[in-house]
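What follows is a set of notes on a single structure, which appears directly below.
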Amino acid sequence: MTVITFIFFILVLLFSLKYAWWAPSIDKNETRIMMYHMISDQLANSKKSGLRVSPNMFEQHLEYFSNNGWTFIKMSEIEEYDNSEKVVAITFDDGYLDNYTQAYPLLKKYNACATLYLVVDRHDNDWSIKKNPKHNKGILAKEKKLSDDQIQEMILSGVFELGGHTISHPYLPDLTFNEKFDEINNCKDVLEKKFNTKVHSFAYPFGIYEDEDIKIVSNSDFNSAVSTNEGIASLKSIYDLKRIKASGKDNFFAFKIRVLKGFRGYI
Ligand SMILES: [Zn+2]
(Lines give C-alpha, C1' and ligand atoms only; values in the text may rest on other atoms or scores of the structure.)
Protein backbone atom coordinates (compact mmCIF):
# COMPACT_ATOMS: atom_id res chain seq x y z
CA MET A 1 0.00 0.00 0.00
CA THR A 2 1.45 3.34 -0.97
CA VAL A 3 1.35 6.31 1.38
CA ILE A 4 -1.22 8.02 -0.83
CA THR A 5 -3.52 4.98 -0.77
CA PHE A 6 -3.13 4.81 3.00
CA ILE A 7 -4.01 8.50 3.45
CA PHE A 8 -6.98 8.11 1.11
CA PHE A 9 -8.18 5.10 3.14
CA ILE A 10 -7.93 7.04 6.41
CA LEU A 11 -9.83 10.01 4.93
CA VAL A 12 -12.64 7.76 3.66
CA LEU A 13 -12.78 6.07 7.07
CA LEU A 14 -13.01 9.41 8.92
CA PHE A 15 -15.66 10.70 6.51
CA SER A 16 -17.68 7.49 6.98
CA LEU A 17 -17.46 7.76 10.76
CA LYS A 18 -18.57 11.38 10.70
CA TYR A 19 -21.37 10.88 8.15
CA ALA A 20 -23.18 7.53 8.29
CA TRP A 21 -24.01 7.55 4.56
CA TRP A 22 -23.63 3.77 4.59
CA ALA A 23 -26.28 3.13 7.29
CA PRO A 24 -29.64 1.82 6.07
CA SER A 25 -32.24 4.54 5.46
CA ILE A 26 -35.22 4.26 7.77
CA ASP A 27 -38.57 3.57 6.10
CA LYS A 28 -40.26 6.76 4.85
CA ASN A 29 -43.44 5.63 6.66
CA GLU A 30 -41.78 6.33 10.02
CA THR A 31 -42.61 9.88 11.14
CA ARG A 32 -39.63 12.18 11.59
CA ILE A 33 -39.75 14.42 14.69
CA MET A 34 -37.24 17.25 14.30
CA MET A 35 -35.81 18.90 17.44
CA TYR A 36 -34.86 22.59 17.36
CA HIS A 37 -34.11 25.10 20.11
CA MET A 38 -33.03 28.46 18.67
CA ILE A 39 -33.17 29.74 15.07
CA SER A 40 -30.28 32.12 15.30
CA ASP A 41 -26.84 32.83 13.93
CA GLN A 42 -23.91 31.85 16.17
CA LEU A 43 -22.82 34.40 18.79
CA ALA A 44 -19.63 36.30 18.01
CA ASN A 45 -16.66 35.28 20.18
CA SER A 46 -18.46 32.22 21.53
CA LYS A 47 -18.04 28.51 21.01
CA LYS A 48 -20.27 27.19 18.23
CA SER A 49 -23.54 25.95 19.73
CA GLY A 50 -25.53 23.06 18.30
CA LEU A 51 -28.64 24.66 19.80
CA ARG A 52 -28.46 27.58 17.33
CA VAL A 53 -29.54 26.64 13.82
CA SER A 54 -29.11 29.66 11.54
CA PRO A 55 -32.23 31.12 9.87
CA ASN A 56 -30.62 30.38 6.52
CA MET A 57 -30.08 26.70 7.39
CA PHE A 58 -33.57 26.41 8.90
CA GLU A 59 -35.02 27.70 5.63
CA GLN A 60 -33.01 25.09 3.73
CA HIS A 61 -34.51 22.39 5.97
CA LEU A 62 -38.06 23.63 5.32
CA GLU A 63 -37.36 23.92 1.60
CA TYR A 64 -36.04 20.34 1.53
CA PHE A 65 -39.15 18.92 3.24
CA SER A 66 -41.47 21.06 1.12
CA ASN A 67 -39.84 20.27 -2.25
CA ASN A 68 -39.58 16.55 -1.53
CA GLY A 69 -43.23 15.93 -0.73
CA TRP A 70 -43.11 15.78 3.08
CA THR A 71 -46.26 16.64 5.06
CA PHE A 72 -45.78 18.91 8.09
CA ILE A 73 -47.82 17.91 11.15
CA LYS A 74 -48.13 18.96 14.79
CA MET A 75 -47.39 16.49 17.56
CA SER A 76 -51.11 16.30 18.44
CA GLU A 77 -51.67 14.69 15.02
CA ILE A 78 -48.90 12.11 15.22
CA GLU A 79 -51.13 9.08 15.75
CA GLU A 80 -53.48 10.05 12.90
CA TYR A 81 -50.52 9.99 10.51
CA ASP A 82 -49.06 6.70 11.76
CA ASN A 83 -47.85 4.71 8.75
CA SER A 84 -48.30 7.60 6.30
CA GLU A 85 -45.40 8.30 4.01
CA LYS A 86 -43.06 11.29 4.46
CA VAL A 87 -44.47 12.96 7.56
CA VAL A 88 -42.44 15.40 9.64
CA ALA A 89 -43.18 17.13 12.95
CA ILE A 90 -41.07 20.22 13.67
CA THR A 91 -40.58 20.81 17.41
CA PHE A 92 -38.99 23.63 19.40
CA ASP A 93 -37.95 23.36 23.05
CA ASP A 94 -37.97 26.01 25.80
CA GLY A 95 -39.47 29.17 24.18
CA TYR A 96 -36.76 31.44 22.74
CA LEU A 97 -37.72 34.79 21.23
CA ASP A 98 -36.25 33.87 17.84
CA ASN A 99 -38.95 31.21 17.46
CA TYR A 100 -41.24 34.22 16.87
CA THR A 101 -38.88 36.57 15.02
CA GLN A 102 -37.12 33.98 12.81
CA ALA A 103 -38.89 30.60 12.77
CA TYR A 104 -42.51 31.78 12.64
CA PRO A 105 -42.22 33.80 9.36
CA LEU A 106 -40.32 30.95 7.69
CA LEU A 107 -42.84 28.33 8.79
CA LYS A 108 -45.61 30.54 7.34
CA LYS A 109 -43.68 30.95 4.09
CA TYR A 110 -43.48 27.16 3.62
CA ASN A 111 -47.00 26.43 4.87
CA ALA A 112 -45.44 24.44 7.69
CA CYS A 113 -46.38 24.11 11.35
CA ALA A 114 -44.65 23.29 14.61
CA THR A 115 -45.06 22.24 18.23
CA LEU A 116 -43.48 24.48 20.84
CA TYR A 117 -42.54 22.78 24.13
CA LEU A 118 -42.77 25.84 26.33
CA VAL A 119 -41.31 26.35 29.81
CA VAL A 120 -43.89 28.25 31.91
CA ASP A 121 -41.33 30.12 34.08
CA ARG A 122 -38.85 30.79 31.31
CA HIS A 123 -37.81 34.40 32.05
CA ASP A 124 -34.68 34.95 34.22
CA ASN A 125 -34.46 31.21 34.82
CA ASP A 126 -30.99 29.75 34.48
CA TRP A 127 -31.94 26.10 34.09
CA SER A 128 -28.59 24.99 32.64
CA ILE A 129 -27.06 24.97 36.18
CA LYS A 130 -29.74 22.57 37.41
CA LYS A 131 -28.24 19.76 35.37
CA ASN A 132 -24.60 20.64 35.85
CA PRO A 133 -23.49 23.54 38.10
CA LYS A 134 -20.19 23.76 36.20
CA HIS A 135 -21.99 23.89 32.90
CA ASN A 136 -23.26 27.40 33.28
CA LYS A 137 -22.01 30.40 31.41
CA GLY A 138 -25.38 32.09 31.82
CA ILE A 139 -25.75 32.28 28.04
CA LEU A 140 -29.10 30.52 27.82
CA ALA A 141 -30.47 32.47 30.78
CA LYS A 142 -29.59 35.76 29.03
CA GLU A 143 -31.15 34.62 25.77
CA LYS A 144 -34.46 36.46 25.24
CA LYS A 145 -37.59 34.35 25.61
CA LEU A 146 -41.05 34.61 24.04
CA SER A 147 -43.66 36.89 25.61
CA ASP A 148 -47.16 35.60 26.33
CA ASP A 149 -48.60 37.92 23.65
CA GLN A 150 -46.26 36.53 21.01
CA ILE A 151 -47.15 32.97 21.97
CA GLN A 152 -50.86 33.76 21.79
CA GLU A 153 -50.39 35.14 18.27
CA MET A 154 -48.38 32.09 17.19
CA ILE A 155 -51.11 29.73 18.42
CA LEU A 156 -54.00 31.75 16.94
CA SER A 157 -52.28 31.75 13.54
CA GLY A 158 -52.57 27.95 13.50
CA VAL A 159 -48.85 27.66 12.74
CA PHE A 160 -47.90 26.64 16.30
CA GLU A 161 -49.39 24.48 19.00
CA LEU A 162 -48.08 24.27 22.55
CA GLY A 163 -46.55 21.28 24.27
CA GLY A 164 -45.61 20.95 27.95
CA HIS A 165 -42.00 21.25 29.10
CA THR A 166 -42.64 21.61 32.87
CA ILE A 167 -43.11 24.76 34.93
CA SER A 168 -39.46 25.58 35.67
CA HIS A 169 -37.32 23.18 33.57
CA PRO A 170 -36.02 21.19 36.58
CA TYR A 171 -33.54 18.35 36.57
CA LEU A 172 -36.15 15.64 37.24
CA PRO A 173 -33.85 13.15 39.06
CA ASP A 174 -33.38 15.77 41.84
CA LEU A 175 -37.11 16.00 42.59
CA THR A 176 -39.43 14.01 44.86
CA PHE A 177 -42.40 12.27 43.32
CA ASN A 178 -44.76 15.07 44.38
CA GLU A 179 -42.48 17.77 43.01
CA LYS A 180 -42.23 15.93 39.70
CA PHE A 181 -46.00 15.55 39.60
CA ASP A 182 -46.48 19.30 40.16
CA GLU A 183 -43.98 20.24 37.44
CA ILE A 184 -45.43 17.84 34.86
CA ASN A 185 -49.13 17.81 35.61
CA ASN A 186 -49.49 21.51 36.45
CA CYS A 187 -47.66 22.80 33.37
CA LYS A 188 -50.44 21.36 31.21
CA ASP A 189 -53.20 23.10 33.21
CA VAL A 190 -51.33 26.41 33.41
CA LEU A 191 -50.61 26.53 29.66
CA GLU A 192 -54.14 25.48 28.70
CA LYS A 193 -55.74 28.13 30.91
CA LYS A 194 -53.30 30.93 30.10
CA PHE A 195 -53.46 30.49 26.32
CA ASN A 196 -56.96 29.03 26.04
CA THR A 197 -55.65 26.06 24.07
CA LYS A 198 -55.16 22.30 24.31
CA VAL A 199 -51.78 20.82 25.22
CA HIS A 200 -51.33 17.27 23.98
CA SER A 201 -47.64 16.46 24.10
CA PHE A 202 -44.77 16.72 26.59
CA ALA A 203 -40.96 17.02 26.36
CA TYR A 204 -38.73 15.86 29.24
CA PRO A 205 -36.39 18.66 30.43
CA PHE A 206 -32.80 17.92 29.33
CA GLY A 207 -34.24 14.73 27.82
CA ILE A 208 -33.63 13.03 31.17
CA TYR A 209 -36.33 10.80 32.65
CA GLU A 210 -37.03 7.46 34.29
CA ASP A 211 -39.98 5.05 34.35
CA GLU A 212 -41.65 7.01 37.15
CA ASP A 213 -41.64 10.20 35.02
CA ILE A 214 -43.12 8.36 32.05
CA LYS A 215 -45.94 7.17 34.34
CA ILE A 216 -46.65 10.70 35.58
CA VAL A 217 -46.76 12.00 32.00
CA SER A 218 -49.09 9.25 30.80
CA ASN A 219 -51.38 9.79 33.83
CA SER A 220 -51.44 13.56 33.21
CA ASP A 221 -53.56 13.30 30.08
CA PHE A 222 -50.73 13.89 27.64
CA ASN A 223 -51.05 11.83 24.44
CA SER A 224 -47.33 11.65 23.68
CA ALA A 225 -43.91 12.63 25.02
CA VAL A 226 -40.59 13.29 23.31
CA SER A 227 -37.05 12.77 24.57
CA THR A 228 -33.76 14.11 23.27
CA ASN A 229 -32.61 10.61 22.33
CA GLU A 230 -31.54 10.74 18.73
CA GLY A 231 -33.32 8.70 16.14
CA ILE A 232 -36.54 8.12 14.27
CA ALA A 233 -39.54 7.65 16.53
CA SER A 234 -41.46 4.44 16.91
CA LEU A 235 -45.04 5.16 17.92
CA LYS A 236 -45.00 1.92 19.90
CA SER A 237 -43.33 3.90 22.69
CA ILE A 238 -45.52 6.98 22.51
CA TYR A 239 -44.24 8.43 25.84
CA ASP A 240 -40.61 7.96 24.89
CA LEU A 241 -40.35 9.26 21.32
CA LYS A 242 -36.93 9.79 19.78
CA ARG A 243 -36.22 12.95 17.81
CA ILE A 244 -33.85 13.91 15.02
CA LYS A 245 -31.45 16.52 16.31
CA ALA A 246 -31.17 19.65 14.18
CA SER A 247 -27.72 20.94 15.04
CA GLY A 248 -26.22 24.34 14.39
CA LYS A 249 -22.89 22.56 13.88
CA ASP A 250 -24.21 20.63 10.88
CA ASN A 251 -23.95 21.34 7.18
CA PHE A 252 -26.85 20.53 4.86
CA PHE A 253 -25.42 17.11 3.96
CA ALA A 254 -25.40 16.14 7.66
CA PHE A 255 -29.02 17.28 7.99
CA LYS A 256 -30.06 15.03 5.09
CA ILE A 257 -28.18 12.05 6.56
CA ARG A 258 -30.00 12.62 9.86
CA VAL A 259 -33.42 12.78 8.19
CA LEU A 260 -32.81 9.59 6.22
CA LYS A 261 -30.93 7.53 8.84
CA GLY A 262 -31.96 9.11 12.17
CA PHE A 263 -28.41 10.04 13.20
CA ARG A 264 -25.40 11.72 11.63
CA GLY A 265 -22.45 9.54 12.57
CA TYR A 266 -20.05 8.61 15.36
CA ILE A 267 -17.45 11.41 15.53
ZN1 LIG B 1 -35.50 22.31 27.44
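The values are calculated or read from the model by the stated rules, or taken from the named source; none is laboratory data. These numbers come from a predicted model, not from an experiment. Note: ideal-geometry Cβ built from the backbone for every residue, glycine included; neighbour counts use all protein chains shown. Keep in mind that these areas ignore ligands, DNA and RNA; they rest on the heavy atoms of the full protein, side chains included. Shrake-Rupley method; radii C 1.70, N 1.55, O 1.52, S 1.80 Å.
The long axis of helix 3-18 is offset from the longest Cα principal axis of the chain by roughly 20 degrees. At full extension, residue 212 and residue 79 could sit 45.5 nm farther apart than now, given 0.36 nm per residue minus the alpha carbon distance. Round to the nearest 10 and give me the degree value, 0 to 90, for the angle of helix 177-195's Cα axis relative to the longest principal axis of the chain. The angle comes out at about 80 degrees. Accessible area ranking (1.4 Å probe, heavy atoms, ligands and nucleic acids excluded), largest first, for 46, 16: 46, 16. The largest accessible area among 162, 13 belongs to the first residue in 13, 162, and the rest follow in falling order (1.4 Å probe, all chains). Where in the stretch 9-46 does the label zone of residue 171 land, with the point 7 angstrom along Cα→C-beta and an amide N cut-off under 11 Å? In the stretch 9-46, the label zone of residue 171 (backbone N under 11 Å from the point 7 Å along Cα→Cβ) covers no residue. Computed with a 1.4 Å probe over protein heavy atoms only, the accessible area of residue 35 comes to about 10 Å².
For residue 131, a cut-off of 14 angstrom between C-alpha atoms picks up these aspartates and glutamates, skipping any fewer than 8 places away in its own chain: 174.
Normalising the Debye intensity of the chain to I(0), with uniform scatterers on Cα atoms only, and taking log10 at q = 0.16, 0.17 Å⁻¹ returns -1.28, -1.44.
With a threshold of 24 Å on the Cα-Cα distance, the over-threshold entries among 47/180; 74/145; 18/249 are 47/180.
Label separation (residue 198 vs residue 97): 3.4 nm, computed from points 7 Å beyond Cα along the C-beta direction. Each of residue 124 and residue 252 was given a label point 7 Å from its Cα along the Cα-to-Cβ line. The distance between the two points is 4.4 nm. Once all protein chains are placed together, residue 200 keeps about 50 Å² accessible to a 1.4 angstrom probe. Here each label is just a point 7 Å from Cα along the line to Cβ, and for residue 219 and residue 156 those points are 3.8 nm apart. From helices alone, the chain scores -10000 deg cm²/dmol at 222 nm; the rule is -39500 (n - 2.57) for each run of n ≥ 4 DSSP H residues, then divide by the residue total. Figure note: 129, 208 ranked by solvent-accessible area, largest first, 1.4 Å probe, ligands and nucleic acids not counted: 129, 208.
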